[in-house]
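S.K.: Here's a structure for you.
A short reminder: the numbers here are calculations on the coordinates, not readings from a lab. What you see is a predicted model; the values in this text were computed from it and never measured. Every residue, glycine among them, receives a Cβ derived from its backbone with ideal geometry; neighbour counts consider all protein chains shown.
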């Protein structure tokens, strides 16, 4: 697996990733409007992400196969806040067929290194629904600490869902 930053040109493999994994990811995703994961929609979003990346507002990574034809998983750091906070939110997903094989840990570790070593953030916040044990175990294994519990935190799949709040602090 190669881990790369998403860029214009990746619209087809990203559209395919979300089409193939739609049912798998639905439990943890907001309701997505029709066409949101089309190639044209991804083309626009990848152009926007380039501007955000250049301005250090977000960074999006994907794990791909060696032929660069298939997305294994994704990880993003977004909502980057500078000043006295120096923090971001992190989100991630893995293709159903690649769960439990260590790929997600590699992709997320790459994003953590970028956030701490490249853009010098102090805190990464990553939250998960209470029943998402895989996500809880991933974050714990990477050193994230549970910091709280938020009732009705995000609108996921049409329902306001509680979330466990976690953070990883850069000790360097």
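S.K.: Hey, of (i) 37, 34, 29; (ii) 41, 41, 24; (iii) 45, 40, 31, which did the structure itself give for Cα extents along the principal axes in Å when calculated?
M.R.: Read-out taken from this structure: (i).
S.K.: 222 nm [θ] for the chain, helices only, -39500 (n - 2.57) per DSSP H run of 4+, per residue, to 500? Can you show the working numbers first?
M.R.: On the way: 5 runs with 51 residues, N = 172.
Value at 222 nm, helices only: -9000 deg cm²/dmol.
S.K.: Further, regarding this structure: Within region 103-145, which residues have the backbone N less than 12 Å from the label spot 7 Å out from residue 79 along Cα→beta-carbon, could you tell me?
M.R.: 124-128, by backbone N distance to the label point.
S.K.: Using alpha-carbon pairs under 8 Å, 6+ residues apart, how would you state the relative contact order of region 2-169 in percent? All intermediate terms of the calculation are to be shown ahead of the outcome.
M.R.: Values: 283 pairs, mean separation 33.6, N = 168.
Dividing the mean separation by the residue count of region 2-169 yields 20 percent.
S.K.: Here is a follow-up. Rank-order 43-56, 91-104 by packing density, defined as the average count of other C-beta atoms within 10 Å over each peptide's residues, highest first. It would help to have the intermediate numbers written out before the result.
M.R.: Working: 43-56: 13.9, 91-104: 16.2.
In descending order of packing, they fall as 91-104, 43-56.
S.K.: If you don't mind, another one. How much length is gained on full extension from residue 131 to residue 105, taking 0.36 nm per residue of separation minus their Cα-Cα distance? It would help to have the intermediate numbers written out before the result.
M.R.: On the way: separation 26, 0.36 × 26 = 9.36 nm, distance 1.89 nm.
Length gained between residue 131 and residue 105: 7.5 nm.
S.K.: Post the alpha-carbon centroid distance, region 58-88 to region 111-125, in whole angstrom.
M.R.: 11
S.K.: Also: Just want the ordering: 60, 36, from fewest to most Cβ atoms lying within 10 Å of their own Cβ.
M.R.: So the residues, fewest neighbours to most, are 36, 60.
S.K.: Between residue 118 and residue 152, how high is the FRET efficiency from 1/(1 + (r/R0)^6) when r is the Cβ-Cβ distance and R₀ = 35 Å? Nearest 0.05. Please list the in-between numbers first.
M.R.: Details: r = 35 Å, r/R0 = 0.99.
Calculated value: 0.50.
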